[in-house]
Amino acid sequence: MLEMIQFVPLFPLIGFLIIGLLGKYLKNEKLIGTIASTAVGLSFIVSVLLFINVIGSHLEKPHIQNVFTWIAAGSFKVNVSYQVDQLSVLFSLIITGVGFLIHVYSIGYMHGDRSFYRFFAYLNLFIFMMLNLVLSSNLLLTFLGWEGVGLSSYLLIGFWYDRKFEGTRITWTGDAANKAFIVNRIGDFGFLIAMFMIFINFNTLEYQAISDSLAANESFFMNSGLVTAIALLMFLGCTGKSAQIPLAVWLPDAMAGPTPVSALIHAATMVTAGIFLVARNSVLFSLSPTAMTVVAVIGVLTAFFAATIGLVQNDIKKVLAYSTVSQLGFMFAALGVGAFTAAIFHVMTHAFFKGLLFLGSGSVIHGMHEEQNIQKMGNLRKYMPITYKTFYIASLAIAGVPLFSGFFSKDEILWSTFSHGSYILWGLLTISAFMTAFYMFRLVNLTFHGEERFDKHHLHPHESPKTMTIPLMVLAVLSALGGFLGIPYALGFWFSDHPNLLENYLHPIFANANHILGKHAHTEVHLIEYLLMALATAIAIFAIYIANKFYSDKTFKIPNKLAANNKGIYNMLFNKYKLDEFYFKAIVDSLLALSTSLLWKVVDIKVVDGIVNGAGKTTALVSESLRKIQTGIVQNYAMLMMAGIVAILAWILFVI
């Protein structure tokens, strides 16, 4: 059964080839959408079967399925091989399950698009690459998937390349795609160097071999410069893919792509690649307290930084984009304090509620005829009841309201941070959680409640077709109930000794890392944990209450007064701390100036062109001088011959 792993990425690849090669001849949108969705649906079915088999077999060691030899050069050998274990199968379920729903949703959303088949070909290509990333048994195949999702995201973000997009020095969606691609290359360089260092020092790129070597020589590698350097370089790659400081600037502009792209790539799959990479290399990171601290601090700062910006954004997708950056910060904070299971748990719940939020925003945009400014909406629940109800459920989940999925995973992260002794980090995360609940219900109120602020003569909001609303309803159920897979011991001990099903499931994956960190299964109840849980709940409810009060019809002027009285702070947040402008000034403009004034005008024109042109001119001058010798008069040639003979004889007689 475990050998079926190779079929999981195979089906989307087949779908990509069929649609990519034959799509323009098929003509039928439903047929194209069915082929693409079926390809991902089949992968999901195989993933479910593998999941059942992994649970039933109590898999302790990963199963490696070799497909074929990819590279063989001397002692260097890399296979296309897939690793079946609890982590890879879980990510496979998330990618194919949520991916299938987004494919179905896209059939309705992209209806009538002139490049309908091309869009679905790109979606299938993305799923194929993402599955290679998470299923690979070695770093090189992971890197292929890593770069592949970068390419696919570039194609999907810039899908509507001829549409205008408003951003910092960005005019077209193609510019946003370029930005995402280039910023990610910076992080990818770090990942590449880390991979080189691993091969040089461990003579392998296989995850299991690296992990076993590190665990067997724990005392030797503990906090060594080598391990820290590799971990930090690898984390640099993660900051690119998962949009963390300092490489977080690409994700909000990636909203230029179609909304299903935002849901698939920037909520449920690609941006979690960095989380996966750290989790997959948990033993490596656990051996470097320095790297773990960096991961935690960067995660918390990113969560706080992005949450503050989300408070004042008016584009419905950009609010969700900054929310994604913030939630990814929560996940990295969990990884940094050694709460690996909590981070993966939040990856899963985030895929449910953030995928739903993005698809819900797409439904709003579709119903509002491409309008994305929430200041120009209002009372849409009247026209879009299904979208409203599902969006509301997802908002409750991300806000951390009890019993919804986000409550369990976010509370687990907050408790892990506090119990680790990182009180400042816990405080910043708690404030970020408050802001999350506030800006999400600001979004809900401005979009679905209050007076209608749109042009009723030209805009006629309507509910989306069933191909779009059915995925919303499925994700709403998962957003509401998905958290029960990770019930913490403090809430579930009374009916089970091990109530956290996800923690039990992932135990073999993180056993070595937890041993190194001295972490054990959570089997004690602390009063402080209940108090913190109650505090987090109270904060979420209070934030929702404030948002509802501020953005009701009667008190709508309050936030406007606050903004007017604090223009400096408001403008700083609205302009995203001018981080883009800083990068352009410090890096882009400096490089352009250097390229123009020195590399072009001096090095290229004067040095390079000077050498090339000078060589040509020198050759011409020498040729012109030598040409004068060729007179065509025989007597001159005879005289030159005699002079040459005399010179040779003189050299022989007097020199030799």
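The values are calculated or read from the model by the stated rules, or taken from the named source; none is laboratory data. It should be emphasised that the depicted structure is a prediction, and the values quoted were computed from it without experimental measurement. Counting neighbours? That spans all protein chains shown, and the Cβs are built from the backbone with ideal geometry, glycine included. The area values use the complete protein model at the heavy-atom level, side chains included, leaving out ligands, DNA and RNA. Shrake-Rupley method; radii C 1.70, N 1.55, O 1.52, S 1.80 Å.
Observations, loosely collected:
- Taking segment 401-414 as the range and being open to solvent by less than 10 Å² (accessible area, probe 1.4 Å) and either closer than 28 Å to K466 by Cβ or touching a Lys or Arg at 6+ places or on another chain (Cβ under 9 Å) (or both) as the test, the residues that pass are S405, G406.
- Of all residues in segment 416-455, those satisfying the criterion of being over 21 Å from G310 (Cα atoms), open to solvent by 30 Å² or more (accessible area, probe 1.4 Å) and touching a helix residue (DSSP H, G or I) at 6+ places or on another chain (Cβ under 6 Å) are F418, R453.
- Filter pass, I45 being aliphatic (A, V, I, L, M) and in contact (Cβ under 8 Å) with a residue 40 or more places away in the chain: no
Each row is one residue, and each column tells you yes or no for (1) open to solvent by 10 Å² or more (accessible area, probe 1.4 Å); (2) part of a helix (DSSP H, G or I); (3) touching a strand residue (DSSP E or B) at 6+ places or on another chain (Cβ under 7 Å).
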site	(1), (2), (3)
L277	no, yes, no
A296	no, yes, no
L301	yes, yes, no
V319	no, yes, no
Y322	yes, yes, no
V325	no, yes, no
F330	no, yes, no
G338	no, no, no
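- Extreme residue, farthest from the chain's Cα centre (by Cα), among residues of segment 81-114 that are over 29 Å from Y505 (Cα atoms) and open to solvent by less than 20 Å² (accessible area, probe 1.4 Å): G108
- F285 being surrounded by 24 or more Cβ atoms within 10 Å (Cβ to Cβ), under 17 Å from the mean Cα position of the chain (by Cα) and over 30 Å from Y109 (Cα atoms): no
- Every pair of residues 6+ apart whose Cβ atoms lie under 7 Å, when the first sits in segment 519-538 and is over 14 Å from P488 (Cβ atoms) while the second is at pLDDT below 95: K519/G338
- One residue stands out among those in segment 376-392 that are in a helix (DSSP H, G or I) and open to solvent by 50 Å² or more (accessible area, probe 1.4 Å): the one that is nearest to F165 (Cα to Cα), which is K376.
- Subset of segment 481-535 (residues that are open to solvent by 50 Å² or more (accessible area, probe 1.4 Å), of a type in the set (S, T, N, Q) and under 29 Å from the mean Cα position of the chain (by Cα)): N504, N512
- Candidates N636, N565: the one that is out of contact with any His (no Cβ under 7 Å at 6 or more places or on another chain) and open to solvent by less than 80 Å² (accessible area, probe 1.4 Å) is N636.
- Taking helices (runs of 4 or more DSSP H) as the structural unit, those lying wholly within segment 125-221 and holding at least 1 residues that are modelled with pLDDT under 90 and of a type in the set (S, T, N, Q) correspond to 173-202, 218-221.
- Tally of residues being under 17 Å from G406 (Cα atoms), surrounded by 13 or more Cβ atoms within 10 Å (Cβ to Cβ) and of a type outside the set (S, T, Y) across segment 536-552: 7
- Residue list for segment 364-375, restricted to those being part of a helix (DSSP H, G or I) and surrounded by fewer than 16 Cβ atoms within 10 Å (Cβ to Cβ): Q375
- Residue list for segment 32-80, restricted to those being among the polar types (S, T, N, Q), surrounded by fewer than 20 Cβ atoms within 10 Å (Cβ to Cβ) and not in a strand (DSSP E or B): T34, T38, N53, S57, S75
- Residue match in segment 576-594 (condition: of a type in the set (K, R), assigned to a helix (DSSP H, G or I), open to solvent by less than 60 Å² (accessible area, probe 1.4 Å) and at positive phi): yes
- For segment 232-239, the criterion of being without any contact (Cβ under 8 Å) to a residue 60 or more places away in the chain, closer than 30 Å to G174 by Cα and among the hydroxyl-bearing types (S, T, Y) is met by at least one residue.
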